[in-house]
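The structure appears right after this line, and notes come after that.
The values are calculated or read from the model by the stated rules, or taken from the named source; none is laboratory data. Bear in mind that the values here come from a model prediction, so they are computed numbers and not experimental data. Note: ideal-geometry Cβ built from the backbone for every residue, glycine included; neighbour counts use all protein chains shown.
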Amino acid sequence: MQMQRRRLLAGLSAAGLLAAPLCRAMAAQADWPRQPLRLVLPFAAGGPTDVVARALALRAGEVLGQQILVENRTGASGNIATEYVARAAPDGYTALYHSSGLAITPALYQRLNFDPLEDFTPVGQVATIPAVLMVNPTLPVRTIQEFVEHLRANPNGLSYGTGGVGNITHLAVALFLQANELEAVHVPYKGTAPAMTDLIGGRTQFMLDAVSSALPYIQDDRVRALALTSQEPMPELPGVPTFDGSVMPGFVAPTWHAVMLPAGTPDAVVARWGEALAAAAEDPALVSQFAAQGVALQAPSSQQFGPYFAAELERWDQAARAAGIERE
């Protein structure tokens, strides 16, 4: 009887020792965050992605009760910021705010110091920005159907500008041309601003660009909008159809923004980030502000974004091969 009692006490003591770290971890997560957080961007301050990130960070920080400091770490096509967060402590205090470029990067480089799937835990997608196909107004086409026929009748007779080799608009155009057995000349620029300047000036004939950037030029009739890469038409561009609903069923290729945490971040902390960002993305003032700029905010879902991100990696790898891009 005495032996059984000693064994029972020993078992209870061992269970207590095992449970103690778990209890401390749960308590630590319950009062998380206890210090300011950092949201790292691979984009320059003041750019369109930075503007969205800062607005969401400000509101999400209010929800969490701690300031979210936005940190711009540019360079190496976003890889500097991405690697930095991948190597950060998985405590939720350092997060990555990236775009579709994160799914494209592995298609462009042979060696990376991070694995987009293995080194991150997604909080989820927080914004979607459709792209719009535009033509110079002097081009004798007024619909996307007429544009396709014009391209077909003039193989390699038209040129299109992009903000650089391998970005999402370049790869999306490459997919569009390949799927429709069309040919055109790619003219890469150092950024979308000079590409837009040459489109307006007639030195190139068409271009695909984010609605958030293109909207002012469309509204001023300096370019003509023909089709959107979104799932649905946009009220900001009445009469402009989607590729999916017109000449290319299934073709949906918007730019997305997502927040990622280092792999191994506790689920409870990932959930807190998700709750705070959802509150920000559903804030009526922010929704209205960014909708007018062609940016659709959305509450993040870690479970939904994981499979979507994996599919995006495969999709843009195929697009890069279709565009004839070799990994550096």
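Could you please give the count of residues in the stretch 146-161 that are touching a residue at least 24 places away in the same chain (Cβ under 8 Å), in contact with a strand residue (DSSP E or B) (Cβ under 9 Å, 6 or more places away or on another chain) and closer than 17 Å to L226 by Cα?
Total satisfying the criteria: 6.
For the stretch 95-114, does any single residue satisfy the condition of being at pLDDT 95 or above, over 23 Å from S246 (Cβ atoms), assigned to a strand (DSSP E or B) and touching a Pro at 6+ places or on another chain (Cβ under 6 Å)?
For the stretch 95-114, residues at pLDDT 95 or above, over 23 Å from S246 (Cβ atoms), assigned to a strand (DSSP E or B) and touching a Pro at 6+ places or on another chain (Cβ under 6 Å): absent.
Being of a type in the set (A, V, I, L, M, F, W, C) and surrounded by fewer than 18 Cβ atoms within 10 Å (Cβ to Cβ) is the filter here, so list the residues in the stretch 31-69 that pass it.
Residues satisfying the conditions are A44, A45, V51, L58, V63, L69.
Run down L151, L171 and say which single residue is buried (at least 17 other Cβ atoms within 10 Å of the Cβ), closer than 28 Å to L102 by Cβ and outside the structural domain of Q293 (by TED's automatic domain parsing).
L171
Does at least one position in the stretch 70-84 carry a residue that is crowded, with 20+ Cβ neighbours inside 10 Å, at pLDDT 95 or above, over 15 Å from the mean Cα position of the chain (by Cα) and of a type in the set (G, A, S)?
no
Would you say L199 is surrounded by 18 or more Cβ atoms within 10 Å (Cβ to Cβ), in a helix (DSSP H, G or I) and out of contact with any helix residue (DSSP H, G or I) (no Cβ under 9 Å at 6 or more places or on another chain)?
No, not satisfied.
How about the stretch 44-66: which of its residues are closer than 21 Å to R272 by Cβ, in a helix (DSSP H, G or I) and either among the charged types (D, E, K, R) or out of contact with any strand residue (DSSP E or B) (no Cβ under 8 Å at 6 or more places or on another chain) (or both)?
R54, A55, R59, E62, V63
Can you tell which of G92, G124 is crowded, with 20+ Cβ neighbours inside 10 Å and in a loop (DSSP other than H, G, I, E, B)?
Among G92, G124, only G92 is crowded, with 20+ Cβ neighbours inside 10 Å and in a loop (DSSP other than H, G, I, E, B).
Residue-by-condition table, conditions (1) in contact (Cβ under 8 Å) with a residue 60 or more places away in the chain; (2) in the same structural domain as A299 (by TED's automatic domain parsing); (3) more than 22 Å from I168 (Cα to Cα):
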position	(1), (2), (3)
Y93	yes, yes, yes
Y97	yes, yes, no
L102	yes, yes, no
P106	yes, yes, no
P116	yes, yes, no
T138	yes, no, yes
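Consider the stretch 207-233. How many of its residues are without any contact (Cβ under 8 Å) to a residue 60 or more places away in the chain and touching a helix residue (DSSP H, G or I) at 6+ places or on another chain (Cβ under 7 Å)?
Result for the stretch 207-233: 0.
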